[in-house]
Amino acid sequence: MNTISRLLCMTLGLSSVFAAGEALAQVNVAASFSITEDIVREIGKDRVTVTSVIPRGSNPHSYDLRPQDLMTLEKADIVFLTGLGFDDFLKRWSDTAKNRNKIIDISQGIKPLRNTEGDDDSHEHEESPEHEHEEHHHHEHEGHHHHHGGTDPHAWQNPLNGAIYAENIRKELCKKEPDSCGFFTENAANYTKALKDLDTRYQERFSGIPEQSRVMITTHDAFNYLADHYRIQILAPRGITDSHEPSAGDIARIEELMKEKKVRAVFIENLSNNTAVEELSRKNGNSINGILYTDSLTTEPEGNTYLKLIEHNLNAIWSAMSE
Ligand SMILES: [Zn+2]
């Protein structure tokens, strides 16, 4: 918010806002998707207004900017990108944005995992040393799919990466509104503690399951960060972009592995085409254990915040494996 609009806002809004007993929102934030939006709200609370560009329930793998999104991005004081190739759908705007200094990648400091699409061994990851420069790469092909540069963008599925996003967001809000930095820092500390407590709880739970039984099947490769962190092997019949149908060969290979490894954890996802998993599950006598939430918060209570979404996923996976 610039000085003039803030003055206007204070002059016009003062009486009504204070009558409602709320502090004035000081920073206007745009976030690339609903999970980032939620983390910004946890740290900024009523001193920040935040809008997600991608609405809840929309698939970021095939998102095209609407005119109203361009308005949101232009008007924002800060635009938080999710990073690691996730935000390519924003390039149409960001490549020509007037103030590019306000565009902040919140994945700084996260150890990126490699995109495993097409790999035979989907639980082996390599670090990509190039991730910090990922957002500057140009991708001429299919501008709105997020499987670029060899990195996997779904870092939020590890709650400790969520804590890194939170710290990057806190730093930037502090820079923008130093007077509220104590407030943001306290909120971020509480939030980070909740994420770390959740992580500790599930580290303990998963350590009670033998590693050879920590195998799951789900529809697109959105869980590599979760799997890497809790030492789970994932068999995913769809690729990381959620955009190609699995081949007969893919399905046959997974069926073999399901039998060999006696997989008990089979999931479908909230934003995915799940035909392949449903068919595999039916043919092999596994019942589907439930839905995992991937690239969007839900409108139902069980996945409508980032903390709840992660807890839902961890609990569903752990419960299926410990049956
Ligand atoms: Zn995804």
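Per-structure values
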item	result
Other-chain or far-sequence residues with amide H under 5 Å of residue 322's (modelled H)	none
Rounded to whole Hz, the Karplus (6.51, -1.76, 1.60) HN-Hα couplings of the range 77-91, x for glycine and proline	6, 9, 10, 8, 8, 6, x, 6, x, 5, 9, 4, 5, 8, 4
Phi-based couplings in Hz for the range 45-52 (Karplus 6.51, -1.76, 1.60; Gly and Pro marked x)	6, 7, 8, 9, 9, 9, 10, 7
Amide H contacts under 5 Å for residue 235, placed H, 5+ residues apart	216, 217, 218
Net length gained if the chain between residue 70 and residue 190 were fully extended (0.36 nm per residue, minus Cα distance)	39.9 nm
Amide proton proximity set for residue 151, modelled H, under 5 Å, gap of 5+	115
Of 171/308; 171/193; 262/283; 45/175; 175/308; 102/176, pairs whose Cα-Cα distance is over 19 Å	171/308; 175/308
Simple label model, 7 Å out from Cα along Cβ direction - residue 209 to residue 247, nm	3.0
Lys, Arg +1 and Asp, Glu -1 on Cβ, resulting dipole of the range 206-321 about Cα centre, debye, nearest 20	440
The range 156-223, accessible surface, carbon-and-sulfur percent (1.4 angstrom probe)	48
Where trypsin sites (Lys or Arg not before Pro) fall in DSSP loop in the range 175-284, at most 14 other Cβ within 10 Å	231, 262
Inter-label distance for residue 283 and residue 300, nm, one decimal - labels placed 7 Å from Cα along Cα-to-Cβ	2.8
The range 206-321 shape via C-alpha gyration tensor axes, a/c threshold 1.5	oblate
Vicinal HN-Hα couplings computed from phi for the range 191-198 (Karplus, 6.51 cos²θ - 1.76 cosθ + 1.60; Hz; Gly/Pro x)	5, 4, 4, 4, 5, 5, 4, 4
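The values are calculated or read from the model by the stated rules, or taken from the named source; none is laboratory data. Quick caveat, the model's predicted, so the values are computed rather than measured. Positions of Cβ are generated from backbone atoms using ideal geometry, with glycine treated the same way; all protein chains shown enter the neighbour counts. Areas reflect the complete protein model, heavy atoms only, side chains present, ligands, DNA and RNA absent. Shrake-Rupley method; radii C 1.70, N 1.55, O 1.52, S 1.80 Å.
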